[in-house]
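Notes follow the structure.
The values are calculated or read from the model by the stated rules, or taken from the named source; none is laboratory data. Just so it is clear, the structure is predicted and the values come from calculations on it, not from any experiment. In this analysis, Cβ positions are derived from the backbone assuming ideal geometry, glycine residues included, and neighbour counts consider all displayed protein chains. Ligands, DNA and RNA are stripped out before the accessible areas are found, and what is left, the full protein with its side chains, is counted by its heavy atoms. Shrake-Rupley method; radii C 1.70, N 1.55, O 1.52, S 1.80 Å.
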Amino acid sequence: AVAGCCGSSLPGPRIIEELHEMDAKEWGGRLRDDIIANDPSNWADFRNDVRSFRLDGGSFAPVMDCWERAGRCWDAVRSDAREENAGAVFVMCHGGIGKMMVMQALGIDVDEYG
């Protein structure tokens, strides 16, 4: 309906599998206040140094994993926009990875995430 009323055709959707929320491991599904109260050391690490922050017994860096995926997704969105000669794109995703894509688009360093 929108394409018809606007006099143009819209390209079909593109699903980017990597465009999913940050894997929060043992923090998944928990409220921030619960994490602050029950995992204060990890919370402090998260707030102070997102590059070094680890979960899952120290084996997984959730922020850096998401940051790297966000970069690949942003590159894919830009590439698709160029191929389609699109003046605008619409991205629907979770907030964390979306924020990281915007940060990268604006040249903001991962250290500013949080």
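Numbers for the structure displayed
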| read-out | value |
| --- | --- |
| A37-M64 pseudo-label distance in nm [points 7 Å out on the Cα-to-Cβ vector] | 3.2 nm |
| Of E68, E18, E83, the one that fluctuates the most in a GNM where the chain has Cα springs shorter than 10 Å | E83 |
| Amide H contacts of F60 (H built 1.01 Å from N, under 5 Å, at least 5 apart or other chain) | L55 |
| Accessible solvent surface per residue of the chain, calculated while the other protein chains remain in place, 1.4 angstrom probe, Å² | 67 Å² |
| Extension gain, D23 back to E84 (0.36 nm per residue minus Cα-Cα distance, nm) | 18.8 nm |
| Over the chain: helical MRE at 222 nm, DSSP H runs n ≥ 4 each giving -39500 (n - 2.57), nearest 500 | -14500 deg cm²/dmol |
| Option label - Cα Rg over 2.2 N^0.38 Å computed here, alternatives (1) 1.03; (2) 1.09; (3) 1.31 | (3) |
| Percent accessible area from carbon and sulfur atoms, the chain, protein chains only, probe 1.4 Å | 51 percent |
